[in-house]
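Structure first, then comments.
The values are calculated or read from the model by the stated rules, or taken from the named source; none is laboratory data. Remember, predicted model here, so these are calculated numbers, not experimental data. Every residue, glycine as well, gets a Cβ built from its backbone with ideal geometry; the counts of neighbours run over all protein chains shown.
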Amino acid sequence: MKNAWLHLVSAVALPAALTALAVSACNEKDIDPPAIDGGLAMRYAQGNFDLGPRAFRTEGAKRSAEWIRTQAEQIPGFADAGGKVRIPAPVRGECNVEIAFPGSSDDFIVVGAHHDTKRLFSVPDFAGANDGASGVGALLAMASAAAEYARKRSLPCGVRFVFFDGEEALYEYTETDGLVGSRAYVDMLRREGDSGRCRAMVLLDMIGDKDLHIDLAGNSTRALAELAMAEAEAAGHADKFSRGEIAILDDHYPFLLANIPAVDLIDFKFGPDNCYWHTGADTMDKISPESIKTAADVAFRIVWRLAATGFKDLPK
Ligand SMILES: [Zn+2]
């Protein structure tokens, strides 16, 4: 691809060709990740939000998991693209959902988000537009774009979109409260002998805020955080991304513990003084299709870049 392009520019004026060469050398290899349909992502988020509260170990979370499975099955050409969706058997009451697509190699990357909502006694009907539904919308729109892409050519590596249950702590984060679904999923990867093929994990959490600013969790794998910043810049979103210093307990953490490189794309400032977070103000009017698309597009760029470079920049 690169050679063909250089051959083409060599027929043009020399200074232009030299410029092109310099740019091309930086890019190593072209990537062509599918673009996300922000409107579609927003409609999925709305559908998930409309289910109402989806707290861990409630009927709401089960309904949410079944709803996600149904949405996946209804993606046009899903089966033709090699798509598979499952709700793995629960270990500790969690209802995770996994949408898997094969790629041109056996390696795969997990793109995750949580689909449960915080149980709030003060707000019994809390349905989490940003804190829950925005990530679900992003992943379903990404799965839809992946299916369309895969019908024409192979994905550059396998991609598993995983919707975690039980991210939210019922009381407070401990070894057994919170991150239940992601811990169970990593255990499942080990049980199924897949953890060695899982090369990286990209997490999307609270990425729908109309006033989006993603501050990568400080405990993200350094190489992946650097890559996320580079791809955000390449996508024209450098102003919406920064590297945070604060370690965050989120669904990427169990992957880190299992030595799987992981990055957490999270906007942890939601409303003035964070006043929309875990309150009744976390409603659909606070999130936008553009924000979801921004995060999802960068996530896809990370996946495509990792595959194009053979994961060489990741720690072993
Ligand atoms: Zn939350």
* Asked: So, of the residues in the stretch 125-167 that are among the acidic types (D, E) and crowded, with 24+ Cβ neighbours inside 10 Å, which turns out to be farthest from the ligand (Cβ to nearest atom)?
  -> D165
* Structure fact -> Picked from the stretch 278-302 (must be more than 15 Å from the chain's Cα centre (by Cα) and over 12 Å from G208 (Cα atoms)), the residue surrounded by the fewest Cβ atoms within 10 Å (Cβ to Cβ) is G280
* Consider S182 carefully, then state whether it is away from the ligand (no atom under 14 Å from the Cβ), closer than 26 Å to N96 by Cα and buried (at least 24 other Cβ atoms within 10 Å of the Cβ). => no
* How about the stretch 125-163: which of its residues are over 11 Å from the mean Cα position of the chain (by Cα) and closer than 16 Å to A61 by Cβ? -> D125, F126, A127, G128, D131, G132, A133
* Structure fact -> Within the stretch 84-136, residues being part of a strand (DSSP E or B), of a type outside the set (V, I, T), touching a residue at least 40 places away in the same chain (Cβ under 8 Å) and out of contact with any His (no Cβ under 9 Å at 6 or more places or on another chain) number 7
* Specify the residue that is farthest from Y185 (Cα to Cα); the eligible residues are those in the stretch 97-124 that are within 16 Å of the ligand (Cβ to nearest atom) and under 19 Å from the mean Cα position of the chain (by Cα). => T117
* To do: Those residues that are hydrophobic (A, V, I, L, M, F, W, C) and part of a loop (DSSP other than H, G, I, E, B), I need them from the stretch 249-280; list them, please.
  => L249, A258, I260, F268, F270, C275, W277
* Asked: Can we say E94 is loosely packed, with under 15 Cβ neighbours inside 10 Å, more than 15 Å from the chain's Cα centre (by Cα), charged (D, E, K, R) and modelled with pLDDT of 95 or more?
  -> no
* Residue match in the stretch 148-159 (condition: of a type in the set (D, E) and either more than 20 Å from A72 (Cα to Cα) or outside any loop (DSSP other than H, G, I, E, B) (or both)) -> yes
* To do: For D215, work out the one condition from (1) within 16 Å of the chain's Cα centre (by Cα); (2) buried (at least 21 other Cβ atoms within 10 Å of the Cβ) it doesn't fulfil.
  => (2)
* Within the stretch 190-199, is even one residue within 16 Å of the ligand (Cβ to nearest atom) and either in contact (Cβ under 8 Å) with a residue 60 or more places away in the chain or not acidic (D, E) (or both)? -> no
* Odd one out for K210 among (1) away from the ligand (no atom under 16 Å from the Cβ); (2) surrounded by 18 or more Cβ atoms within 10 Å (Cβ to Cβ) -> (2)
* Keeping to the stretch 166-178, report how many residues are touching a Phe, Trp or Tyr at 6+ places or on another chain (Cβ under 6 Å) and modelled with pLDDT of 95 or more. => 1
* **A81 being surrounded by 19 or more Cβ atoms within 10 Å (Cβ to Cβ), part of a loop (DSSP other than H, G, I, E, B) and small (G, A, S)** => yes
* Asked: Looking at this structure, is D251 within 16 Å of the ligand (Cβ to nearest atom) and either touching a helix residue (DSSP H, G or I) at 6+ places or on another chain (Cβ under 6 Å) or hydrophobic (A, V, I, L, M, F, W, C) (or both)?
  -> yes
* **Test: residue in the stretch 225-244 that is in contact with a Pro (Cβ under 7 Å, 6 or more places away or on another chain), surrounded by fewer than 20 Cβ atoms within 10 Å (Cβ to Cβ) and not in a loop (DSSP other than H, G, I, E, B)** => no
* Asked: Taking the stretch 260-291 as the search range and keeping residues that are among the polar types (S, T, N, Q) and more than 16 Å from the ligand (Cβ to nearest atom), which one is farthest from E245 (Cα to Cα)?
  -> S288
